[in-house]
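S.K.: What follows is a structure written as structure tokens; I'll ask about it next.
The values are calculated or read from the model by the stated rules, or taken from the named source; none is laboratory data. Here the structure is a predicted model, which means the values were calculated and not measured. A quick note on method: Cβ atoms are made from the backbone with ideal geometry, for glycine too, and the neighbour counts reach across all protein chains shown. For the accessible areas, the whole protein counts, side chains as well, though only heavy atoms, and no ligand, DNA or RNA atoms are used. Shrake-Rupley method; radii C 1.70, N 1.55, O 1.52, S 1.80 Å.
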Protein chains: 4
Amino acid sequence: MKIAFIGLGNMGGSMAQNLLKAGQTVLGYDLSEKALQQFAESGGIVCDSPQAAAEQADVVISMLPAAKHVRDVYLGEMGILAVMRAGSLCIDSSTIDPQTIKDVAAEGLKHQVQVCDAPVSGGTIGAKAGTLTFMVGADDVTYERVQPILSFMGKNTVHCGAVGAGQIAKICNNMILGISMAAVAEGMALGSRLGIDTHALAGVINSSSGRCWSSEICNPWPDISPNAPAGRGYTDGFASQLMLKDLGLAIEAAGQVKQPVLLGGLAQQLYQQLCLQGNAHLDFSSIIQQYLPREN
Amino acid sequence: MKIAFIGLGNMGGSMAQNLLKAGQTVLGYDLSEKALQQFAESGGIVCDSPQAAAEQADVVISMLPAAKHVRDVYLGEMGILAVMRAGSLCIDSSTIDPQTIKDVAAEGLKHQVQVCDAPVSGGTIGAKAGTLTFMVGADDVTYERVQPILSFMGKNTVHCGAVGAGQIAKICNNMILGISMAAVAEGMALGSRLGIDTHALAGVINSSSGRCWSSEICNPWPDISPNAPAGRGYTDGFASQLMLKDLGLAIEAAGQVKQPVLLGGLAQQLYQQLCLQGNAHLDFSSIIQQYLPREN
Amino acid sequence: MKIAFIGLGNMGGSMAQNLLKAGQTVLGYDLSEKALQQFAESGGIVCDSPQAAAEQADVVISMLPAAKHVRDVYLGEMGILAVMRAGSLCIDSSTIDPQTIKDVAAEGLKHQVQVCDAPVSGGTIGAKAGTLTFMVGADDVTYERVQPILSFMGKNTVHCGAVGAGQIAKICNNMILGISMAAVAEGMALGSRLGIDTHALAGVINSSSGRCWSSEICNPWPDISPNAPAGRGYTDGFASQLMLKDLGLAIEAAGQVKQPVLLGGLAQQLYQQLCLQGNAHLDFSSIIQQYLPREN
Amino acid sequence: MKIAFIGLGNMGGSMAQNLLKAGQTVLGYDLSEKALQQFAESGGIVCDSPQAAAEQADVVISMLPAAKHVRDVYLGEMGILAVMRAGSLCIDSSTIDPQTIKDVAAEGLKHQVQVCDAPVSGGTIGAKAGTLTFMVGADDVTYERVQPILSFMGKNTVHCGAVGAGQIAKICNNMILGISMAAVAEGMALGSRLGIDTHALAGVINSSSGRCWSSEICNPWPDISPNAPAGRGYTDGFASQLMLKDLGLAIEAAGQVKQPVLLGGLAQQLYQQLCLQGNAHLDFSSIIQQYLPREN
């Protein structure tokens, strides 16, 4: 089986490496010379264009920054769907709006190419370690086909529903995550200002109805959760600007279906404020900074 | 040991009953004749005033609606601190702002009476079943004294810190809870509108970083969490107006220390909108109503 | 001078009629047969495609629903820029994001075609009456050229800056408008609930620092502002869904430059909630409904 | 006529001076020795207590920091209502919640003392210059009595309704003001980031539907409004902490009547964030700082 991999950045590069380690034949394309060189050094076959990679492949996996790149790669003038073999398969692991991948999949059907969405959670660390979770949107038959391929790059796959459902699940989950992280930040900062010991407070929350992933695993207050970014200056985590991107997708998708998301809308702006003030590259739990006095 | 119980309403009445069942001598006071009658029928000794109950007691427990009642009972013209014996003990289980109980405790010290705060979680069901959790604010010595007494009425006690820390822990926890419940409501409603199966969505959230008490135990979407209020028309839960009260306390306390809580402030208003539109007595997970089209 | 008019809907149709009344030769295109028929009956020359209209014209005016239509008409496979004569002029009066019109203008330069943005305020009534205000983004020379043309369709033109500035001015103004309308609604509803006479309250606001267009000219409380939509069941105004569209553009543009707009983000969601609950076609001052008890 | 003045701070001190300049006999009380000394130097008669001042007076005017001081002065153990002559008059110019002054007025009636509320706008500059605006809550007869007295200290009096209506009008107006100032800050900051000239943008807003006091008279962007605090480093204006206080009163009053004010609740938190970050003493238009990159 030949796999074409489009987009060999921080995430995609590591995922492609795991395919190569698993003994797969991988054809790759990226705009960056440096990314292509690393890919070649690991045994990948470098191609000149997405089309050049895709036309030889049984499976295409794409990992791209935004919806417009997905549209360009699949649907554009030099789009890959036009050159792919009937019966072949595409897995888009980019995080984009659900409508775009539905559009791509509809176009794929015209070429007898199955397209599914499989956005990930786990970040660059999970991509490198091969421990990603894939949220897959695909029909049952396609899901059976993609699962073994994804297993080379991750440890969990969840079948979320038809095409687009992977993206929907991801943006809904991450919207809740972005809000609850800021909520925990507010609760911890408030408690601290009111004079309670923050370990005692975290203890109460985590054994009570306020507990959540953000309070237990990734508490934004330093030295509460072991190994959380808060304990190392908010480095090596899920960057604020990526949370901002996901919140933007959620708010955009909500706007497309005219669904109000009041806390979601405010959370988007809070992370935007956080990024504006210089924390775009820090873990999103650095939102706690917005609730503390400025150190001058 | 004689215990005086001030405030025999839905919560306090059941708590006093559990003290009586445990064989304690309980002197009680309430403004309601009906509450006093039920108390008497269970073996309690009815008193004419808080002072009448407190002056004979070793321990006073109070369960009152709001801070002003606490001030009246403890500090007012006919306040109980003035008549209590040196060395006696007061446990206030009302949910009020932290400053009020600190003021009461400071006044208590003048009379050699220890005052601590022990607000509860668990609601009327937990009060009746004797399964409440108490969040206790007290010094170490006092905490040792109150724990066995509280064990007659609950199954957990958490020592949160000095006087006031119980209230601080409760309002911080409940502020996070109120926000995360609304966040889950937004995420579930958005996913549903975008076309994902809500069980699949809940499955992803609960195995991922969006998981929280509100998504797992008390999901606002019907038929996700077993036995949650959403499955019975949002009845028999934690009433929206009580969540609104707790958010009000959090926002007020935040204002006293000038601590911004942006999501908390918005959440307060969302539950206020919910109550205004007729859902004050429903479980607070009925906040999902604010995100669905009106059924006309 | 020949003018091509692309988009003959509620707004564009009336604008084209005013050009015809002023004695101009107008070539028109729209997807709707009915719109074309009305245009023909008024003396317009119906064309088969945007290109067919534009290739004969000295000036193109477009009035389209959203950015994707603007891109299709100007830049798409059958885009008009490719067929327009060097030295000709395009005026886009659609309300869209600033970036799109900048992209179109940049492409226009390659064909020696000047493109400017001139979104309007004044609504369908102003379009019909020829009393629109145009917010123009253009260089000084181009502004001199477009002003006499716009004067056939409106009574004011404001030169906001270079290409895109008209859109920027419009979305910033309308974001402030959307927020301040909701703010006045909150203030009037709060005052009324607290027991003040609403006319007295409006009097204080309008002679004090709370005064704004929304409190003076278009107060959301009935019978405060003469002739405001609030006095006629919120009909015949600026529809909530159009305010929602403009807030969506503002939040999207803010996201593109990573500019936090916290109240703007919340306002977008409030109007989204309003539309979800059945008020999409009512004037946006019907936002007051969100602050009143439901009439059941 | 003898006037007692309770509270001779920045505001009250200047107001009392204007009464003295107008030839009135004024008895004064304040906790601050320095304030009393200045008052004495201007010809005022210093008293030992509020009661000492009030028992000799025909009219009492109070200007106090918060509701608890008002309660203490009027209703407390040493409260003035108990010693005032039947038929005398009290004017409270403090900014407090409406309920407190209603309670004081009800108690006043028992002593045949008329109490009305007359909070001000105009700040310390207006207090000094005698150009304050008074928002008066009183019955018609009482309003006739207070108007000539207030005219010594201000240039406008507005009759807002019955007792409490002055406070209601003030907090509703100031809530709208606080929101609209932040809305203008968001709109100006967004426009600037998108590249429009800020003078051009302000020109559009102020001739269009976004115009408000905050955009015209006190624009938060520097050098837009002549003489606005933005042009002098946000000094000598209406301090952020005072806006925060007024928003707190509005949110508290809204909570008492269970009235949702979503933008108001968010605005309170935004100003709280502003104050936390060191701008409590700057004019509230410094809220623009929250929307700009940090200068480090």
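S.K.: For segment C:32-63, give me the residue count where each residue is among the hydrophobic types (A, V, I, L, M, F, W, C) and closer than 15 Å to C:ASP103 by Cβ.
M.R.: Number of matching residues: 0.
S.K.: Take the residues of segment D:161-180 that are farther than 20 Å from D:PRO260 by Cβ, within 9 Å of chain C (Cβ to nearest Cβ) and over 15 Å from the mean Cα position of the chain (by Cα): which is least open to solvent (accessible area, probe 1.4 Å)?
M.R.: Among those residues, the one meeting the criterion is D:GLY161.
S.K.: Return yes when D:ALA280 is more than 9 Å from chain B (Cβ to nearest Cβ) and either aliphatic (A, V, I, L, M) or under 19 Å from D:VAL184 (Cα atoms) (or both) and no when it is not.
M.R.: Considered against the rule, which asks whether it is more than 9 Å from chain B (Cβ to nearest Cβ) and either aliphatic (A, V, I, L, M) or under 19 Å from D:VAL184 (Cα atoms) (or both), D:ALA280 comes out as no.
S.K.: I'd like the residue in segment A:223-239 that is touching a Gly at 6+ places or on another chain (Cβ under 7 Å) and within 18 Å of A:TYR271 (Cβ to Cβ) and, out of all such residues, is farthest from the other protein chains (Cβ to nearest Cβ).
M.R.: Here the residue is A:PRO229.
S.K.: Filter segment C:45-58 down to residues that are among the hydrophobic types (A, V, I, L, M, F, W, C) and buried (at least 21 other Cβ atoms within 10 Å of the Cβ) and give me whichever is farthest from C:CYS90 (Cα to Cα). Outline the logic, then answer.
M.R.: Restricting attention to segment C:45-58, the residues satisfying the condition of being among the hydrophobic types (A, V, I, L, M, F, W, C) are C:45-47, C:52-54, C:57.
Pick out the ones that are also buried (at least 21 other Cβ atoms within 10 Å of the Cβ) and you get C:47, C:53-54, C:57.
Numbers: C:CYS47: 17, C:ALA53: 12, C:ALA54: 9, C:ALA57: 10 Å.
Selected residue: C:CYS47.
S.K.: While we're on this one: Assuming A:ASN174 fulfils every condition listed in (1) assigned by TED's automatic domain parsing to the domain that holds A:PHE238; (2) polar (S, T, N, Q); (3) part of a strand (DSSP E or B) apart from one, which condition is it?
M.R.: (3)
S.K.: Being assigned to a loop (DSSP other than H, G, I, E, B) and open to solvent by less than 10 Å² (accessible area, probe 1.4 Å) is the filter here; which residues of segment A:75-96 pass it?
M.R.: A:GLY79, A:ILE80, A:SER88, A:SER93, A:SER94, A:ILE96, listed by residue number.
S.K.: Here is a further query. Would you call C:SER207 open to solvent by 30 Å² or more (accessible area, probe 1.4 Å), assigned by TED's automatic domain parsing to the domain that holds C:SER285 and of a type in the set (Ser, Thr, Tyr)?
M.R.: In short, yes.
S.K.: Inside segment A:17-29, can you point out the residues that are open to solvent by 20 Å² or more (accessible area, probe 1.4 Å) and touching a strand residue (DSSP E or B) at 6+ places or on another chain (Cβ under 8 Å)?
M.R.: Once the filter is applied, which keeps residues that are open to solvent by 20 Å² or more (accessible area, probe 1.4 Å) and touching a strand residue (DSSP E or B) at 6+ places or on another chain (Cβ under 8 Å), segment A:17-29 yields A:LEU20, A:GLN24, A:THR25, A:TYR29.
S.K.: Further question: Please pick out the residue among C:SER214, C:SER285 that is of a type in the set (Ser, Thr, Tyr) and more than 9 Å from chain D (Cβ to nearest Cβ).
M.R.: The match here is C:SER285.
S.K.: Residues being assigned to a loop (DSSP other than H, G, I, E, B), among the small types (Gly, Ala, Ser) and closer than 14 Å to D:MET188 by Cα: count how many of those fall in segment D:223-239.
M.R.: 1
S.K.: Sticking with this one: Considering only segment B:27-35, I want to know if a residue exists there that is touching a Ser or Thr at 6+ places or on another chain (Cβ under 8 Å) and either in a loop (DSSP other than H, G, I, E, B) or not β-branched (Val, Ile, Thr) (or both).
M.R.: Yes: one or more hits.
S.K.: Out of D:ASP140, D:ASP117, which single residue is acidic (Asp, Glu), under 14 Å from the mean Cα position of the chain (by Cα) and under 25 Å from C:HIS199 (Cβ atoms)?
M.R.: When all the criteria are applied, what remains is D:ASP117.
S.K.: Please work out if A:VAL257 is open to solvent by 10 Å² or more (accessible area, probe 1.4 Å) and either within 29 Å of C:GLN290 (Cβ to Cβ) or touching a Phe, Trp or Tyr at 6+ places or on another chain (Cβ under 6 Å) (or both).
M.R.: Spelling it out, A:VAL257 is indeed open to solvent by 10 Å² or more (accessible area, probe 1.4 Å) and either within 29 Å of C:GLN290 (Cβ to Cβ) or touching a Phe, Trp or Tyr at 6+ places or on another chain (Cβ under 6 Å) (or both).
S.K.: Sort through B:LEU242, B:LEU201 and tell me the only one that's assigned to a helix (DSSP H, G or I), open to solvent by less than 40 Å² (accessible area, probe 1.4 Å) and either at the interface with another protein chain (Cβ under 8 Å from one of its Cβ atoms) or in contact (Cβ under 8 Å) with a residue 24 or more places away in the chain (or both). Can you show your working first?
M.R.: Numbers: B:LEU242 fails: open to solvent by less than 40 Å² (accessible area, probe 1.4 Å).
Result of the check over B:LEU242, B:LEU201: B:LEU201.
S.K.: Moving to a separate point now. Hey, C:ILE251 hits all of (1) open to solvent by 20 Å² or more (accessible area, probe 1.4 Å); (2) part of a helix (DSSP H, G or I); (3) facing chain A (nearest Cβ under 9 Å) but one; which does it fall short on?
M.R.: It is condition (1) that C:ILE251 fails.
S.K.: Can you pull out every residue in segment A:260-286 that is assigned to a helix (DSSP H, G or I) and either open to solvent by 10 Å² or more (accessible area, probe 1.4 Å) or basic (Lys, Arg) (or both)?
M.R.: Just the residues of segment A:260-286 that are assigned to a helix (DSSP H, G or I), to begin with: A:262-279, A:284-286.
The answer is A:GLN268, A:CYS275, A:LEU276, A:GLN277, A:GLY278, A:ASN279.
S.K.: Suppose the filter is open to solvent by less than 10 Å² (accessible area, probe 1.4 Å) and within 11 Å of another protein chain (Cβ to nearest Cβ); does C:ALA189 pass it?
M.R.: yes
S.K.: Of the residues that sit in segment C:97-113 and are charged (D, E, K, R) and within 13 Å of chain D (Cβ to nearest Cβ), which one is surrounded by the fewest Cβ atoms within 10 Å (Cβ to Cβ)?
M.R.: C:LYS102
Let's see how each residue does on (1) over 14 Å from B:CYS160 (Cα atoms); (2) surrounded by 23 or more Cβ atoms within 10 Å (Cβ to Cβ):
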residue: B:VAL115; (1), (2): yes, yes
residue: B:ALA118; (1), (2): no, yes
residue: B:GLY123; (1), (2): yes, no
residue: B:ALA127; (1), (2): yes, yes
residue: B:THR131; (1), (2): yes, no
residue: B:MET135; (1), (2): no, yes
residue: B:THR142; (1), (2): no, no
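S.K.: Now for a separate question. Output the residues belonging to segment B:125-169 that are in a helix (DSSP H, G or I), in contact (Cβ under 8 Å) with a residue 24 or more places away in the chain and more than 26 Å from B:LEU20 (Cβ to Cβ).
M.R.: B:ALA165, B:GLN167, B:ILE168, B:ALA169, listed by residue number.
S.K.: Given B:VAL115, B:VAL104, which one is at pLDDT 95 or above and assigned to a strand (DSSP E or B)?
M.R.: B:VAL115
S.K.: If you don't mind, there's one more thing I want to ask. Need the failing condition index for D:SER209 against (1) facing another protein chain (nearest Cβ under 7 Å); (2) touching a residue at least 24 places away in the same chain (Cβ under 8 Å), just the number.
M.R.: Result: D:SER209 passes all but (2).
S.K.: From the set of residues in segment A:144-159 that are within 14 Å of chain B (Cβ to nearest Cβ) and surrounded by 18 or more Cβ atoms within 10 Å (Cβ to Cβ), which is nearest to A:LEU8 (Cα to Cα)?
M.R.: Top of the filtered list is A:GLY154.
S.K.: Something else: Sort out which residues of segment A:287-296 are in a helix (DSSP H, G or I) and open to solvent by 20 Å² or more (accessible area, probe 1.4 Å), and write them in order of number.
M.R.: Matches in segment A:287-296: A:GLN289 only.
S.K.: Only one of these is over 25 Å from C:LEU109 (Cα atoms) and buried (at least 20 other Cβ atoms within 10 Å of the Cβ): C:SER14, C:SER42, C:SER62. Name it.
M.R.: Testing whether each residue is over 25 Å from C:LEU109 (Cα atoms) and buried (at least 20 other Cβ atoms within 10 Å of the Cβ) leaves just C:SER14.
S.K.: Quick test of your reading of the structure: D:PRO220 fulfils all but one of (1) within 7 Å of chain C (Cβ to nearest Cβ); (2) open to solvent by less than 10 Å² (accessible area, probe 1.4 Å); (3) in a loop (DSSP other than H, G, I, E, B). Name the failing condition by number.
M.R.: If we test D:PRO220 against (1) within 7 Å of chain C (Cβ to nearest Cβ); (2) open to solvent by less than 10 Å² (accessible area, probe 1.4 Å); (3) in a loop (DSSP other than H, G, I, E, B), just (1) comes out false.
S.K.: State all residues of segment A:223-241 that are of a type in the set (A, V, I, L, M) and under 13 Å from A:ILE288 (Cβ atoms); if no residue qualifies, say none.
M.R.: A:ILE224, A:ALA228, A:ALA230
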